[in-house]
Each structure stands twice: as C-alpha cells, then as structure tokens.
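I have placed the structure first, in the form of structure tokens, so that the comments after it can refer back to it.
Values quoted throughout were computed directly from the atomic coordinates according to the rules given, and no laboratory measurement underlies them. Note that the structure is a prediction, hence the values are computed from the model and not measured.
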Amino acid sequence: MMVLFTNCSIKYPTTKQSGKEDIAYLIFVSEGNKKYEVDVVIDETTAFSAKTVKAKKSDLKGKIYSANTGKRKITVSKKGQKIYEKYIFLSPQETKTILLQWKNRL
C-alpha cells in the first residue's frame, strides 16, 4: 500500500537575525617573517599599540583589533616612522588585512 501526500508542507521553527553588530576588524601583517609592535591611529582620535602577524600564504592567525565601520583613516608607525597611512572603508563584520612594508630592517 502506498500513501501519497499532496499539498502538504512542514513548518520548521525559524530564527530571525536582527542585524549584525556594527563593527569591523583589523589585522596587521608584517613584511617577511617578523613580528613586531606598531602604533596605530584611527581617524586621528583613537590610538593603540598592535602586534603584527607574520605574512604567510596560509591563513593569517593572530590578534585582531576592532574598529568602527565606515570610511576611516588608518595611520601605522614603528619607532616614530610612519609605515602606513591610508583611507579605507570598513563594512560591518569585515576583517581588513593591513599589509605593512617597512623599509628599515628590524
């Protein structure tokens, strides 16, 4: 005996997402295989020290730093020398990789 059900639907419980947190993330990648600390300034108002991660072709694993979303001016310096300065746009929940190239060897 075969039973056929037509026009039947099963309702599963659903969840609603109210919105993602309005924050983005930054990760600072060093040139070569060196780790070091840098000074970071965002929009000339927020300043902090950050640790870099080594540049590898595999996944970047290391410390990430949160930042407000939108257009931001990021300035990075090491030992008083500016090594990165750029306006970037940060989207909610985005992790932006900042590649640092310092001309002097550490």
Long-range amide H partners of GLU94 with built H, under 5 Å:
TYR25
The aspartates and glutamates whose Cα lies under 19 Å from the Cα of LYS71, excluding any fewer than 8 residues away in the same chain, are GLU21, ASP22, ASP43, GLU44, GLU85, GLU94
What ³J(HN,Hα) values, in whole Hz, does the Karplus curve 6.51 cos²θ - 1.76 cosθ + 1.60 give for region 64-79 when θ = phi - 60°, with x put for Gly and Pro?
10, 10, 8, 8, 5, 7, x, 6, 10, 9, 10, 10, 10, 9, 9, 6
Nonlocal amide H pairs with THR69, under 5 Å, H built at 1.01 Å
ALA24
